[in-house]
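Novice: Attaching a single structure in structure tokens format; questions to follow.
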Amino acid sequence: MGKFLFYDIDGTLMGKSKKVTEKTKWAIEQAQKNGHKAFLCTGRAPTSISDDLKEIPFDGIICSAGGFVIIDNEFIFENFMNQYILSEVMTLFINNHILFTLETKDALYQTPGVNEFFDQKHLKDCENNLELARFLQVRRANENRRPVKDFNILTTGVTKVCFIAPHKDDFYSCAPFLEEFFNIVIFSKEEDDFVNGEIILKYCTKADGIIKVVNHFHGQMKDTIGFGDSMNDYQMLEEVNIGVVYEGAPQNLKDLGQYYFTDPDDDGIYKVMKEIGLIEEA
């Protein structure tokens, strides 16, 4: 029986170059030829899956951290936040000066300041890397980003909310309410003077998406392998039979791994797939 392979994107399939290496692409397609199935398993919204990733013939996509599951270009699962709870979250964030993005099926709705925050955050990196600057520009153009004033809570479902709190205390004052309904994933570091992350519905994680995929294909969880690098991969790596973790990941994530991969830009995924025995030498 072939394996079900689940790949995170940022920091796993793609390193700082924001590209999937040719050897990694070859490895995924070769694994499929060997009888395995390959899936993207990402926190990105559907509209944030870039064209270069779509060119890789994945068997399906779990996106918005489990909020959507797509097989054969059809959404076999969609999960949206309760409108009343979402309204409370938006009001809470606005009153506490927290920037946010609402992730929906077809667009990203942002409060003013979100783009500017990330422009400033990436400024130094982009000055030294014109290719990264081009990637970020193209990605933003393709993502269908719209102002939050265009969002209609009565007609548009939201599966995930990303947030940026320029002042840490503003976010932590909101956390008790959020924890009641959501899993909170923090991406910023302890030493940062801001907090950014995302809130995801409880019982709707990458792991839940994986279970739906395996059930769809009438498979078994003992045949699952997950590849990840950050804390929004925790539930995925906890659920799959074999966890493959970035060597530079936080220790509590590495504790879930049986295999470890090096820098994705240095063909880390290709190398570890060869080590596991999913492929042979290119």
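Every read-out reported here was derived from the displayed coordinates using simple, explicitly stated rules and does not represent laboratory data. What you see is a predicted model, and the numbers here were worked out from it, not measured in a lab. Virtual Cβ from ideal backbone geometry, glycine too; neighbours counted across all protein chains shown.
Novice: Where is the GNM fluctuation largest for the chain (alpha-carbon springs, 10 angstrom cutoff): Phe217, Phe93, Phe194?
Specialist: Per the Cα network of the chain with a 10 Å cutoff, Phe217 tops the list.
Novice: Output the peptides 185-193, 203-211, 232-240, 265-273 sorted from most to least packed, where packing is the average of other Cβ atoms within 10 Å over each peptide's residues.
Specialist: My ranking of the peptides, most packed first, is 232-240, 203-211, 265-273, 185-193.
Novice: Looking at segment 26-85 from every direction and averaging, what is the projected area of its Cα convex hull in nm²? Could you put the intermediate results ahead of the total?
Specialist: Numbers: hull surface 18.8 nm².
One quarter of the hull surface, i.e. the mean projection, equals 4.7 nm².
Novice: Working out 0.36 nm times the residue gap between Ile56 and Asn96, then minus their Cα-Cα distance, what length gain in nm do you get to one decimal?
Specialist: This chain segment gains 10.3 nm when fully extended.
Novice: Which residue fluctuates the most in the chain, going by a Gaussian network model with Cα springs under 10 Å, if the choices are Val148, Val20, Val245?
Specialist: Looking only at Val148, Val20, Val245, the largest GNM fluctuation is found for Val148.
Novice: So the label point goes 7 Å from the Cα of Asn252 along Cα→C-beta, right? Which residues of segment 178-204 then have their backbone N under 11 Å from it?
Specialist: Counting backbone N atoms under 11 Å from the label point, the list is 186.
Novice: Find the Rg to Rh ratio for segment 145-247, where Rh is the Kirkwood radius over alpha-carbon pairs and Rg uses the same atoms. Please list the in-between numbers first.
Specialist: On the way: Rg = 16.6 Å, Rh = 16.0 Å.
Answer for segment 145-247: 1.04.
Novice: To continue, here is another question. Can you grab the distance from the C-alpha centre of segment 56-96 to the C-alpha centre of segment 167-227, Å, no decimals?
Specialist: 12
Novice: I need the P(r) histogram for segment 212-282: all alpha carbon pairs, bin width 10 Å from 0 out to the longest distance, whole percents.
Specialist: Percent of pairs per bin, in order: 21, 48, 28, 3.
Novice: Using all C-alpha to C-alpha distances in segment 1-117, build P(r) with 10 Å bins and read off the rounded percent in each one.
Specialist: Each 10 Å bin holds this share of Cα pairs: 12, 37, 30, 16, 6, 0.
Novice: Please give the per residue volume of the convex hull enclosing the alpha carbon atoms of the chain, rounded to a whole number of Å³. Provide the component values of the computation, followed by the final result.
Specialist: Details: hull volume 36.1 nm³, N = 282.
Hull volume over Cα atoms, normalised by residue count, gives 128 Å³.
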